[in-house]
Amino acid sequence: MDKYGVLKKYFGYDSFREGQELLIDSILAGRDVLGIMPTGAGKSICYQVPALLLPGITLVISPLISLMKDQVQALNHAGIHAAYINSSLSENQIRQALRLAAGGRYKIIYVAPERLETWEFLAFARQAQISMVTVDEAHCISQWGQDFRPSYLKIVRFVKELSERPVVSAFTATATAVVKEDIQCVLDLKAPQVLLTGFDRKNLYFAVEKPKTKDGFLKDYIARHPGESGIIYCATRKNVEKVYGLLKQAGLPAARYHAGLSTEERKENQEDFIYDRLPLMAATNAFGMGIDKSNVRYVIHYNMPQSMENYYQEAGRAGRDGEPSECILLYSAQDVMVNRFLIENKEPNPEYGPEEILAIREQDERRLNAMNYYCMTTGCLREYILRYFGENTAAACGHCSNCQKEFIRLDVTEEAKKVIACVKECRGRYGSHVIAGILRGSNTAKLREYRAQERESYGSLPELSEARVKQLINHMLMEGLLYTTKDKYALLKAGERSEEVLEGRLQVVMRLPKEKPQEAGEPKKPAQKRKSDILNSRGLDLFDKLRELRLVIAREESVPPYIVFSDKTLVDMCVKLPFSREEMLSVNGVGENKYQKYGQRFQEAVYGYMEGRKEKLYFGE
Ligand code: ADP
Ligand code: ZN
């Protein structure tokens with residue numbers, strides 16, 4: 001069988017996605033690879049397909065114990081012999097697994113990095129035929145990344161211990177240049193084929209909302225998306241409890257997750273969510289590492305995260321199955337202050353010296369600012385994200401909340417000049433709050449104390465509201481006309497290009513949302529289609545029937561429903577209405593093994609529902 005055969009038979013897919021083939025071909029040719037792809041792009045296929053074609057065993061090193069279990073379950077259900085070895089197993093179970101592995105039982109073995117140096121494991125690995133070592137979440141090897149794991153350094157030593165060097169393949173979703181260099185270098189990859197695919201997730205709709213009340217927005221949003229699975233991320237445990245209470249009170253099927261709960265409760269709640277018993281989850285960012293639930297339809301951030309890195313990772317847990325999904329950030333200025341406080345009071349890592357601590361603090365500040373600008377920008381949100389991660393995009397996406405708003409362009413050059421004059425007059429000794437106060441001519445105790453009234457620029461922008469002045473300052477920060485010092489005072493200074501403005505060589509133009517009275521809670525329609533736009537009412541009804549069947553099977557087999565079939569696969573069944581084996585095998589996500597396991601039951605359900613007649617249950621041609 002070739003790679004296409006494997007893809008169809010075990011995974012039920014007809015074609016590879018962008019980049020997958022290149023990496024698979026390289027691996028099969030014996031070359032190391034480094035795949036940098038965003039969450040949901042399909043990294044697993046890149047090593048699972050060659051693992052089945054290589055003669056020996058593939059070891060997958062992953063830091064995420066919960067993910068291992070899921071992945072192994074999913075593989076087993078696809079008819080692939082796989083196992084995992086980590087601290088969740090007893091000594092006996094480990095010995096048993098290693099015995100089976102030595103006997104050639106498994107093609108793929110997931111293993112935690114700590115395990116690599118135990119003599120038992122080494123003894124096994126030395127005598128086995130290891131064709132490939134795959135390093136998942138490879139950024140954990142970099143000290144510059146956010147998730148450095150010292151145990152990852154063991155991988156290199158381990159590979160050297162093997163009698164024959166296997167192919168080493170590494171995968172991550174972190175794209176910064178330092179991390180990329182680190183992975184190649186520290187992992188000692190040999191002339192690797194490096195692939196960096198676009199970070200764009202086309203099926204995600206991005207929005208920043210500034211609702212009157214976040215709670216109102218949340219309840220309204222969830223009510224408009226019944227039966228869908230969603231995550232609500234909050235900054236603190238307290239907020240999680242609040243949101244959880246709110247959802248419970250509204251009778252919604254919600255679970256919660258934060259570090260203040262016992263290990264058992266966290267595990268239980270996580271499973272309730274994964275198994276779709278409680279499809280809504282209110283959680284801190286402690287939740288989600290290794291959650292591979294593919295049918296999360298929306299991720300709402302109740303509070304702003306501390307960096308774009310965090311945001312994109314958390315928001316990216318929506319729509320892993322490729323179906324249209326939404327990522328909504330609820331903004332309030334207070335969140336910025338809370339985050340700043342958290343950064344300032346972060347317990348420094350005792351391993352670092354004062355200089356490193358300072359460097360980290362500055363980096364945190366920069367990241368927070370970039371996050372804040374994301375909430376402020378009136379430009380395309382997707383473009384902002386991609387630019388942040390170092391990708392140049394052609395144009396506005398048309399599929400984010402900013403692209404869908406109407407804006408007016410406003411020439412604010414004269415106002416900008418006054419801001420610059422004020423900053424200069426104050427010699428960069430104040431932050432944006434005081435500067436805004438001076439410009440507006442506010443009469444507060446603090447300004448009196450600074451004797452602000454005596455300044456020439458005092459009250460030079462009296463007609464603008466405080467919010468508007470701050471918006472202007474933010475815009476100028478984003479344009480590089482101003483900058484802030486990197487300490488905690490964030491003092492405003494005039495940037496290099498400010499001279500050009502003062503000399504009249506540079507115009508300052510702001511995009512402002514058109515003030516049109518929007519009806520309360522009016523849903524903004526994403527351009528891309530959700531299943532309710534694809535299927536007509538009978539189609540949706542069949543979809544629900546198939547979902548029920550999926551749940552029954554999932555319970556019988558004690559696996560999460562998405563391991564049986566993804567939502568996308570069920571939608572495709574409602575479109576294709578498979579009555580025969582051939583037709584069922586043409587459905588996206590139905591491979592031979594899954595067909596043998598469940599195909600018949602779904603086929604019968606479809607046939608029964610349609611009473612043997614084909615009829616179009618979807619819109620479009
Ligand atoms: P990542 O590890 O990059 O976050 P996954 O490997 O979990 O992503 O893949 C995300 C989803 O995409 C999974 O549901 C997977 O089955 C699906 N997928 C991967 N490759 C393909 C493909 N070639 N065709 C269709 N679906 C795919
Ligand atoms: Zn856009």
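The values are calculated or read from the model by the stated rules, or taken from the named source; none is laboratory data. None of these values were measured; they are calculated from a predicted model. Quick reminder, even Gly has a Cβ in these numbers, built from the backbone with ideal geometry, and neighbours come from all protein chains shown. Areas reflect the complete protein model, heavy atoms only, side chains present, ligands, DNA and RNA absent. Shrake-Rupley method; radii C 1.70, N 1.55, O 1.52, S 1.80 Å.
At a glance:
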quantity	calculated
Residue pairs meeting the criteria (Cβ under 9 Å; at least 6 apart or on separate chains; first under 26 Å from residue 586 (Cβ atoms) and aromatic (Phe, Trp, Tyr), in segment 14-31; second assigned to a loop (DSSP other than H, G, I, E, B) and within 16 Å of ligand 1 (Cβ to nearest atom))	16/42
Residue 78 buried (at least 17 other Cβ atoms within 10 Å of the Cβ) and at pLDDT 95 or above	no
Residue within segment 312-326 that is within 16 Å of ligand 1 (Cβ to nearest atom), modelled with pLDDT under 85 and on the phi < 0 side of the Ramachandran plot present	yes
Residues that are over 28 Å from residue 461 (Cα atoms) and either part of a strand (DSSP E or B) or within 16 Å of ligand 1 (Cβ to nearest atom) (or both), drawn from segment 377-420	389, 400
Which numbered condition residue 10 fails, given (1) within 13 Å of ligand 1 (Cβ to nearest atom); (2) of a type outside the set (S, T, N, Q); (3) more than 27 Å from residue 273 (Cα to Cα); (4) at pLDDT 90 or above	(3)
Lone qualifier among 424, 446 - being more than 38 Å from the chain's Cα centre (by Cα), surrounded by fewer than 17 Cβ atoms within 10 Å (Cβ to Cβ), within 23 Å of residue 499 (Cβ to Cβ) and more than 16 Å from ligand 1 (Cβ to nearest atom)	424
Candidate set: segment 378-413, residues that are of a type in the set (Ser, Thr, Tyr) and more than 10 Å from ligand 2 (Cβ to nearest atom); chosen: the one farthest from residue 197 (Cα to Cα)	413
Verdict on residue 437 being over 40 Å from the mean Cα position of the chain (by Cα) and either closer than 15 Å to residue 509 by Cα or not basic (Lys, Arg) (or both)	no
Those residues of segment 394-412 which are under 30 Å from residue 36 (Cβ atoms) and open to solvent by less than 50 Å² (accessible area, probe 1.4 Å), in sequence order	397, 398, 399, 400, 401, 402, 403
Residue 337, sole failed condition from (1) open to solvent by 60 Å² or more (accessible area, probe 1.4 Å); (2) at pLDDT 85 or above; (3) more than 20 Å from the chain's Cα centre (by Cα)	(2)
From 362, 391, residue being more than 22 Å from residue 490 (Cα to Cα) and charged (D, E, K, R)	391
Considering residues of segment 605-617 that are assigned to a helix (DSSP H, G or I) and not β-branched (Val, Ile, Thr) only, the residue farthest from residue 271 (Cα to Cα)	610
Unique match (being crowded, with 16+ Cβ neighbours inside 10 Å and part of a helix (DSSP H, G or I)) among 546, 551	546
Pairs with Cβ under 8 Å, 6+ apart, first in segment 290-307 and touching a residue at least 40 places away in the same chain (Cβ under 8 Å) and within 16 Å of ligand 2 (Cβ to nearest atom), second among the acidic types (Asp, Glu) and open to solvent by 10 Å² or more (accessible area, probe 1.4 Å)	none
Answer from 244, 311 - the residue that is among the hydroxyl-bearing types (Ser, Thr, Tyr), open to solvent by 30 Å² or more (accessible area, probe 1.4 Å) and in a helix (DSSP H, G or I)	244
Considering residues of segment 97-126 that are without any contact (Cβ under 8 Å) to a residue 24 or more places away in the chain and under 20 Å from residue 65 (Cα atoms) only, the residue surrounded by the most Cβ atoms within 10 Å (Cβ to Cβ)	97
Residue satisfying all of: in segment 366-377; touching a helix residue (DSSP H, G or I) at 6+ places or on another chain (Cβ under 8 Å) and over 14 Å from residue 311 (Cα atoms); nearest to ligand 2 (Cβ to nearest atom) among these	377
Helices (runs of 4 or more DSSP H) contained in segment 445-516 and holding at least 1 residues closer than 29 Å to residue 343 by Cβ and among the charged types (D, E, K, R)	445-449, 466-478
Any hit, segment 135-147, residues being part of a helix (DSSP H, G or I) and not hydrophobic (A, V, I, L, M, F, W, C)	yes
Members of segment 1-44 that are open to solvent by 60 Å² or more (accessible area, probe 1.4 Å), closer than 24 Å to residue 566 by Cα and either within 16 Å of ligand 2 (Cβ to nearest atom) or more than 25 Å from the chain's Cα centre (by Cα) (or both)	4, 14
Subset of segment 314-329 [outside any strand (DSSP E or B) and either closer than 14 Å to residue 374 by Cα or open to solvent by less than 10 Å² (accessible area, probe 1.4 Å) (or both)]	315, 316, 318, 319
Hey, residue 153 over 30 Å from residue 551 (Cα atoms) and outside any helix (DSSP H, G or I) or not	no
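Results for (1) open to solvent by 10 Å² or more (accessible area, probe 1.4 Å); (2) in contact (Cβ under 8 Å) with a residue 60 or more places away in the chain; (3) part of a helix (DSSP H, G or I), shown as yes or no for each residue.
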{"site": "563", "(1), (2), (3)": "no, yes, yes"}
{"site": "572", "(1), (2), (3)": "yes, no, yes"}
{"site": "579", "(1), (2), (3)": "yes, no, no"}
{"site": "584", "(1), (2), (3)": "no, no, yes"}
{"site": "587", "(1), (2), (3)": "no, yes, no"}
{"site": "590", "(1), (2), (3)": "no, yes, no"}
{"site": "594", "(1), (2), (3)": "yes, yes, yes"}
{"site": "599", "(1), (2), (3)": "no, no, yes"}
{"site": "603", "(1), (2), (3)": "yes, no, yes"}
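The rows are residues; the columns are (1) outside any helix (DSSP H, G or I); (2) of a type in the set (Val, Ile, Thr).
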{"position": "17", "(1), (2)": "yes, no"}
{"position": "27", "(1), (2)": "no, yes"}
{"position": "44", "(1), (2)": "no, no"}
{"position": "50", "(1), (2)": "no, no"}
{"position": "75", "(1), (2)": "no, no"}
{"position": "100", "(1), (2)": "no, no"}
